[in-house]
Amino acid sequence: MHKRTVNDLPADAIRGKRALVRVDFNVPLDERRTVTDDTRIRAALPTIERLLEVGARVVLCSHLGRPKGKPSEKYSLAPVAKRLGELLPNRKVRFVPALISDEAVRATEALAPGDVLLLENTRFEPGEEKNDPALSRALAKLGDFYVNDAFGAAHRAHASTAGVAGHLHPAVAGLLMERELRYLGQVLTDPRRPFIAVLGGAKISGKIDVIESLLPKVDRMLIGGAMANTFFRAQGLQTGRSLVEEDRVELARELLGRGSDKLVLPVDALVAPSLEAPARARGVEVHALAADDAVFDIGPRTIEVFAGEIAPGKTILWNGPMGVFETPPFDAGTVAVARAIALATGLGATSIVGGGDSAAAVAKAGLEEKMSHVSTGGGASLEFLEGKELPGVAVLDDAAR
Ligand code: ADP
Ligand code: MG
């Protein structure tokens, strides 16, 4: 679990050396190819700055989108280089539209200390997602040591996230990676209590392993989102037109039996005949759901119950929106839960938000700064919480004891 980080490297050992840094610059772009959300770029800045401070030469690589192993203008990292340049006004940021080429190697060698180089999309290489050993060796020519700061890609054993680390020493965690592992690791190994998990989102099926892994560790597990509907069905309630995973009802029933002292389910819901009729939204007790109702959010009484459960929490982990937060008024439950967690954080709780949609909901509510940690890795944070070892972490040097 404890990995060596860029802060553990003696400055004189890395001064002037080329740091090959795998970052997660998989950011959204609009039709004009402008970065619309630079959160992930900003999240990598502390590592970049730290390496520059100690005189390393910084070579960055990342994937962007799913170009499926061949070059394509649409997935070029050129617009990301532009944004990075704006975020580092006092540094020279170069972009080389190549990755595995003599041109790219020469560019890394010609790089002056204090400058930053961004290479082209790692997924333009067919060997990237196959963790191809030849590609890993070729990538290793682009640096003298390796830093992985791409937490969001750490659940993938790819050439740039895993294979390359076998050829470069030291191989250490970046500061974002370190922060992610520290916060998520604390949840699994040493949570301050009460430890409250808040789970929601579209499906139980994607989160069963997280439920299984966390249920023995938490003091309370609050369930919202469409996931709750499957539990309603398991309780023998009518669920109308709500999204229910029929093939998970039995599992939900079994979890209810096993975790009855910990699981907290909604007592009411915000329903409508469809998402196209938000004006007809109304609150209903869960035992009074009608055949043409669809549950799109937790209800006002549930908001109070959940807020009451969250308030005394000392560790609060949140994954998955409480409702269809993209469509008001079905964002009310998600926003209220975000506020309750923010409030508890202000009173000393450690709060961790995982999941892409949950992170987006927190940002939309303007509460990002009020959380202890908002994970930059949706899939990676889920796999970590399931208790799996992330390949991009496993390959890094262990911290000295
Ligand atoms: P995260 O990305 O945070 O892990 P998920 O991807 O699991 O979250 O789920 C997010 C999606 O769940 C959102 O698009 C939201 O609209 C949907 N959702 C939440 N509650 C419901 C519901 N009651 N009915 C249908 N969809 C829902
Ligand atoms: Mg999602």
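Rundown of residues vs (1) modelled with pLDDT of 95 or more; (2) open to solvent by less than 30 Å² (accessible area, probe 1.4 Å); (3) touching a His at 6+ places or on another chain (Cβ under 8 Å); (4) within 16 Å of ligand 2 (Cβ to nearest atom), yes/no style:
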site	(1), (2), (3), (4)
ALA294	yes, yes, no, no
ILE298	yes, yes, no, no
ARG301	yes, no, no, no
GLY308	yes, no, no, no
LYS314	yes, no, no, no
ALA340	yes, yes, no, no
MET371	yes, yes, no, no
GLY377	no, yes, yes, yes
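Please tell me if ALA159 is of a type outside the set (Ser, Thr, Tyr), in the same structural domain as ARG15 (by TED's automatic domain parsing), open to solvent by 30 Å² or more (accessible area, probe 1.4 Å) and out of contact with any Cys (no Cβ under 9 Å at 6 or more places or on another chain).
Working: of a type outside the set (Ser, Thr, Tyr): yes; in the same structural domain as ARG15 (by TED's automatic domain parsing): yes; open to solvent by 30 Å² or more (accessible area, probe 1.4 Å): no; out of contact with any Cys (no Cβ under 9 Å at 6 or more places or on another chain): yes.
Answer is no for this residue.
Show the residue pairs meeting these rules: Cβ distance below 9 Å; 6+ apart or different chains; first residue within the range 237-255 and touching a residue at least 40 places away in the same chain (Cβ under 8 Å) and closer than 12 Å to VAL295 by Cα; second residue of a type in the set (Asp, Glu) and buried (at least 16 other Cβ atoms within 10 Å of the Cβ).
Here the result reads GLN238/ASP293; THR239/ASP293; GLY240/ASP293; ARG241/ASP293; SER242/ASP293, each pair linking the range 237-255 to a residue that is of a type in the set (Asp, Glu) and buried (at least 16 other Cβ atoms within 10 Å of the Cβ).
Go through the range 35-57 and give me each residue that's part of a loop (DSSP other than H, G, I, E, B) and more than 27 Å from GLU109 (Cβ to Cβ). Quick ask: steps written out before the conclusion?
Within the range 35-57, the subset part of a loop (DSSP other than H, G, I, E, B) is 36-38, 54-56.
Hits for the range 35-57 are THR36, ASP37, ASP38.
Given the criteria within 12 Å of ligand 1 (Cβ to nearest atom) and either acidic (Asp, Glu) or not in a loop (DSSP other than H, G, I, E, B) (or both), does ALA359 qualify? Give the derivation first.
Numbers: within 12 Å of ligand 1 (Cβ to nearest atom): yes; either acidic (Asp, Glu) or not in a loop (DSSP other than H, G, I, E, B) (or both): yes.
Judged against the criteria, ALA359 is a match.
Can you pull out the residues in the range 58-100 that are surrounded by 13 or more Cβ atoms within 10 Å (Cβ to Cβ) and assigned to a helix (DSSP H, G or I)?
TYR75, ALA78, PRO79, VAL80, ALA81, LYS82, ARG83, LEU84, GLY85, LEU87 - these are the residues of the range 58-100 that are surrounded by 13 or more Cβ atoms within 10 Å (Cβ to Cβ) and assigned to a helix (DSSP H, G or I).
Sort out which residues of the range 250-262 are in contact with a helix residue (DSSP H, G or I) (Cβ under 8 Å, 6 or more places away or on another chain) and either in a loop (DSSP other than H, G, I, E, B) or surrounded by 20 or more Cβ atoms within 10 Å (Cβ to Cβ) (or both), and write them in order of number. Steps first, answer last, please.
Taking the range 250-262 first, the residues in contact with a helix residue (DSSP H, G or I) (Cβ under 8 Å, 6 or more places away or on another chain) are 250-253, 255-256.
Across the range 250-262, the qualifying residues are ALA252, LEU255.
Let me spell it out: the conditions are (1) among the polar types (S, T, N, Q); (2) over 30 Å from VAL23 (Cβ atoms); (3) in contact with a strand residue (DSSP E or B) (Cβ under 6 Å, 6 or more places away or on another chain), and ASN319 meets all of them except one. Which number is the exception?
Among (1) among the polar types (S, T, N, Q); (2) over 30 Å from VAL23 (Cβ atoms); (3) in contact with a strand residue (DSSP E or B) (Cβ under 6 Å, 6 or more places away or on another chain), the lone unmet condition for ASN319 is (2).
Each row is one residue, and each column tells you yes or no for (1) open to solvent by less than 10 Å² (accessible area, probe 1.4 Å); (2) over 24 Å from the mean Cα position of the chain (by Cα); (3) among the hydrophobic types (A, V, I, L, M, F, W, C); (4) within 16 Å of ligand 2 (Cβ to nearest atom).
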| residue | (1), (2), (3), (4) |
| --- | --- |
| ALA226 | no, no, yes, yes |
| LEU237 | no, yes, yes, no |
| ASP247 | no, yes, no, no |
| ASN319 | yes, no, no, yes |
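Please work out if ASP149 is within 16 Å of ligand 2 (Cβ to nearest atom), acidic (Asp, Glu) and touching a residue at least 12 places away in the same chain (Cβ under 8 Å). Talk me through it step by step, then tell me what you get.
On the way: within 16 Å of ligand 2 (Cβ to nearest atom): no; acidic (Asp, Glu): yes; touching a residue at least 12 places away in the same chain (Cβ under 8 Å): yes.
So ASP149 fails the test.
Only one residue in GLU326, GLU285 is open to solvent by 40 Å² or more (accessible area, probe 1.4 Å) and within 12 Å of ligand 1 (Cβ to nearest atom), so which one is that?
Numbers: GLU285 fails: within 12 Å of ligand 1 (Cβ to nearest atom).
Only one candidate qualifies: GLU326.
Which one of VAL198, VAL218, VAL210 is more than 16 Å from ligand 2 (Cβ to nearest atom) and crowded, with 22+ Cβ neighbours inside 10 Å? Lay out the reasoning, then the answer.
Numbers: VAL198 fails: more than 16 Å from ligand 2 (Cβ to nearest atom); VAL210 fails: more than 16 Å from ligand 2 (Cβ to nearest atom).
Exactly one of VAL198, VAL218, VAL210 is more than 16 Å from ligand 2 (Cβ to nearest atom) and crowded, with 22+ Cβ neighbours inside 10 Å, namely VAL218.
The values are calculated or read from the model by the stated rules, or taken from the named source; none is laboratory data. All of these numbers come straight from a predicted model, not from anything done at the bench. Cβ atoms come from the backbone with ideal geometry, glycine included; neighbour counts cover every protein chain shown. Ligands, DNA and RNA are stripped out before the accessible areas are found, and what is left, the full protein with its side chains, is counted by its heavy atoms. Shrake-Rupley method; radii C 1.70, N 1.55, O 1.52, S 1.80 Å.
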